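Every number here is computed from the coordinates shown, using simple stated rules; none is lab data. All figures in this text were calculated on a predicted structure; none of them were measured in a lab. Neighbour counts are summed over all protein chains in view; Cβ atoms, including those assigned to glycine, are modelled from backbone coordinates with ideal geometry.
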Amino acid sequence: MINCLLATELYMPSLITGSVKRSRLGKYVDQSTRERYNRWPIFWPIHLVSFGIARQFPNEPSETIILLKESVNTGDKEAFHAYLRIFNHDNSLAPEGKTVVQALLETDFNHWYNLQEDRFLYETEKARVANDVLRRLEALYPGISSLVEMTDVAAPYTFWRYTRNHRGSFEGWLPTPEAVRTVIPKTLPGLANFYMAGQWVQPGGGVQLSINSGRDLVKTLCEQGRKEFSTRG
Ligand SMILES: Cc1cc2nc3c(=O)[nH]c(=O)nc-3n(C[C@H](O)[C@H](O)[C@H](O)COP(=O)(O)OP(=O)(O)OC[C@H]3O[C@@H](n4cnc5c(N)ncnc54)[C@H](O)[C@@H]3O)c2cc1C
């Protein structure tokens, strides 16, 4: 049997005690993998604030980066810009005539990981960030606040809780010169029939590279097993 895993949380330094907690795979993690997780920079953790709005914005671009005149405090960080998405083009996200407006802001992981220990404080802070974002949007789209029907905030801890991605990173390793020159092993020493695919073995991450890494891995396995590789089902 072959186990294929998306390389999410192989090695998770505990942020609270400074000690090292490991997943069940931890005993197979070698020195170079450990060093990578300790030293390589990752795509910054994010706040994703989504609003269900009772109108559409037909003349607005679906993606923009807005520079904030007044920064938004996102924990231990100040966000000076937001990546704004307006989902007019996706009818599946909102009832007719309505849409989702979503802001993505840079933040940090430790702050939110520690804060979630106190659920009340955590929820209050998430609501505060959403409010601050909405105030900035109000300056851009006057009246938008009164049209908000739904608010959803995903903090880095949310991404970690749902996907177990290392420090809630949304695209894995930053494509630094060192990262793009390194061929990251897809196996762990001593663990037979186990393979990794996805953003943690493919610097730069993203949907395309992650899918491609899975495809390449299957191709390699086919070669090893002397089987024909085919992308047809
Ligand atoms: C808000 C956001 C916006 C993004 N926008 C874009 C974009 O526009 N374009 C783009 O190319 N990329 C984008 N990305 C990045 C892209 O989504 C990721 O790079 C890609 O999904 C990584 O794929 P993956 O298979 O490595 O990991 P993931 O998609 O994280 O999949 C890992 C899966 O493993 C599961 N899992 C984890 N641990 C276990 C376990 N122990 N047992 C069983 N299952 C487990 C998780 O639940 C998850 O389903 C975005 C990411 C985010 C968060």
Largest-first ellipsoid semi-axes for segment 97-225, taking √(5λ) over the Cα gyration tensor eigenvalues, angstrom: 38, 18, 13
GNM top mover of ASP90, ASP108, ASP152 - the chain, alpha-carbon springs below 10 Å: ASP90
Computed helical MRE - 222 nm, the chain, DSSP H runs ≥ 4 contributing -39500 (n - 2.57), nearest 500: -9000 deg cm²/dmol
nm² value of the averaged projected area, convex hull over the Cα atoms of segment 46-163: 7.4 nm²
Paired Rg and Dmax values of segment 152-216, which use every Cα atom, in angstrom: 13.1, 43
Fluctuation leader among LEU67, LEU48, LEU84 - the chain, Gaussian network, Cα springs under 10 angstrom: LEU67
Local electrostatic count at SER210 - Lys and Arg +1, Asp and Glu -1, tallied over other residues with Cβ under 12 Å: -1
Violating pairs (Cα-Cα greater than 24 angstrom) within the set LYS27/LYS186; LYS27/LYS77; LYS186/LYS219; LYS27/LYS219: LYS27/LYS77; LYS27/LYS219
Highest-fluctuation residue, ALA94, ALA82, ALA130 considered, GNM on the chain with Cα pairs under 10 Å: ALA94
Summed residue charge, Cβ within 11 Å of ALA79's Cβ, Lys/Arg positive, Asp/Glu negative: -3
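What FRET efficiency do you get for ASN59 and ILE211 if R0 is 35 Å and r is their Cβ-Cβ distance, rounded to the nearest 0.05?
Taking R0 as 35 Å, the efficiency between ASN59 and ILE211 is 0.55.
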Hydrodynamic radius (Kirkwood) for the chain, which is based on Cα pairs only, to one decimal in Å: 20.0 Å
Relative contact order (percent, whole number), the chain, Cα cutoff 8 Å, 6+ residue spacing: 25 percent
Principal semi-axes in Å for segment 51-116 [√(5λ), Cα gyration tensor, largest first]: 27, 15, 8
